[in-house]
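Accompanying notes for the structure given below.
The values are calculated or read from the model by the stated rules, or taken from the named source; none is laboratory data. Just so you know, these numbers come straight off a predicted model, no measurement behind them. Positions of Cβ are backbone-derived with ideal geometry, glycine not excepted, and every protein chain shown enters the neighbour counts. Surface areas here come from the heavy atoms of the whole protein model, side chains and all, with no ligands, DNA or RNA. Shrake-Rupley method; radii C 1.70, N 1.55, O 1.52, S 1.80 Å.
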Amino acid sequence: MTWLRDYMRILPLGLLALLLAAPAQADNPSELIKQSIDAVYDELRANKERAQEEPDFVIGVIEDKILPGVDLDGMARLVLARHWRDASDEQRERFTEGFKNTLLQAYGVQLADHLDKDVRVIERRSRQDERMAVVATEVVMGSGQSNIQVNYRLRPVNGEWKVFDVEAEGLSFVGNFRTRFNEEINRDGLDALIARLEDGDEALIEDAVGDVTPDNGAGNR
């Protein structure tokens, strides 16, 4: 499982790096993911030297072109789970913003180091209904390594498909953070967790992603 643990450590990067704001043809989630992959990687590969030397450039690409395609509020709600219901509006807003910014700082700057990977959309394993879509992809690792199966879960938000979770080999991004952050909240309280995120405490992110555990309930609401 070492290879999977290593991949899960860059899974938040994959979430941020592969998803753009929904284009006009967003009624097809598979096409959205495919276009997003091509557009992001084309831009960064065309500016590879700058991407490797200027972290702010990479983070700017993510903020301008990627984050609008992610359901950050929905993701934050799933991560906090029952704690979201008890949180004030201010706490919810601060948690969502702190979580986003810490992810960007922890993983956004690493994007330039992973531009050699190819990602393929697997239509036959993708599915869609009115409430949710699952777009199956395959990360081509090369060098004799097994390819990694990654699923993107999307749902319609104000008429546009947006991603709310990512799974690698059945392991959930949202589920993993939910487990880790729940431990933090139970021990120190929600305000303490928010303060650590606002301080840019990357150890919170590193610990959560490094502690990989299967979670099949990320989509439960």
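Between the alpha-carbon centers of the range 117-167 and the range 55-104, tell me the distance in whole angstrom. Result: 20 Å between the Cα centres. Sorted on the mean count of surrounding Cβ atoms within 10 Å across their residues, most packed first, peptides 169-176, 156-163 read 169-176, 156-163. Any idea of Glu206's accessible area? Nearest 10 Å², probe 1.4 Å. Roughly 50 Å² of Glu206 is accessible to a 1.4 Å probe. Per-residue packing, averaged as other Cβ atoms within 10 Å, sorts the ranges 119-128, 92-101, 74-83 into the order 74-83, 92-101, 119-128, beginning with the highest.
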